[in-house]
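What follows is calculated from the coordinates using simple rules that are stated; it is not laboratory data. Everything numeric here is computed off the predicted structure, so don't read it as measured data. Heads up, the Cβs are rebuilt from the backbone with ideal geometry, glycines too, and the neighbour counts pull from every protein chain shown.
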Amino acid sequence: MYAGEQSTNLYPKKEEAPSEIDDALQTNLFNVMLNRRSQRKFEDRQVEDWKLEMIFAAADTAPTAGGFQGFEIYHVKNPDVKAKLVQAANNQPYVDAPVLLVFCMDPSRVKMNFPPHIIKKFSVQDATLAAAYAQLAAHALGLSSVWIGMIDEQKVMQALGTDLVPSCMLCIGYPQKMLHAKPKRNLSELIHEI
């Protein structure tokens with residue numbers, strides 16, 4: 001999806017907000033990365049369909065091994081499934097966010113001639129990068145999110161009714177209060193020049 005281009009919404013199909021889409025597409029990526037913060041308190045407010053579509057489109061642009069996109073995204077709307085996923089995530093209540101996305105590995109999509117453990121690693125990386133791109137897109141759209149990595153994989157798989165192993169869950173919504181970014185460590189401590 002690009003500014004000025006006619007859109008035939010792929011998923012979900014409902015509303016459009018062209019001027020807001022143009023504004024989001026002009027967002028400075030460095031500003032988004034510097035100001036993104038994990039948010040665990042969301043307003044009881046639905047996220048617009050066009051924003052969801054942009055988040056999904058961002059995940060779709062993430063780099064993947066061989067371009068095979070070895071992942072699947074589950075957009076969980078069913079309240080009963082969400083309740084099971086709260087339990088599968090060590091009872092973290094914010095999993096019941098307005099938008100809940102589960103990123104699962106799908107190594108069967110990676111059609112490369114490597115040993116299975118390498119293909120699985122590619123799939124983990126693919127799912128992780130897609131979730132990161134979705135998280136940055138959500139922030140660029142004025143939303144907040146929290147990444148959930150502490151999950152019982154088997155319980156998540158049972159709740160979703162899939163044999164695909166989850167990489168992470170991403171909880172997204174409008175923040176009750178926009179949080180300021182916390183300071184990170186000095187780059188001289190992070191980067192090791194050899």
Candidate cut points under chymotrypsin sites (Phe, Trp or Tyr not before Pro) in the stretch 120-194, DSSP loop plus at most 11 other Cβ atoms within 10 Å of their own Cβ, are none
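Could you list, in their original order, any pairs among 41/84; 82/121; 41/120; 84/121 whose Cα atoms are separated by more than 30 Å? Please list the in-between numbers first.
On the way: 41/84 19 Å; 82/121 27 Å; 41/120 34 Å; 84/121 27 Å.
In this structure, 41/120 exceed 30 Å between Cα atoms.
At a 10 angstrom cut-off on C-beta neighbours, averaged per residue, how do the peptides 101-107, 152-158 rank from highest to lowest?
Details: 101-107: 23.6, 152-158: 15.9.
The most tightly packed comes first, giving 101-107, 152-158.
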Relative contact order of the stretch 50-194 (C-alpha contacts under 8 Å, at least 6 apart) in percent is 31
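Ranked from highest to lowest mean number of other Cβ atoms within 10 Å per residue, what is the order of the peptides 110-121, 88-99?
Values: 110-121: 13.2, 88-99: 18.1.
By packing density, highest mean first, the sequence is 88-99, 110-121.
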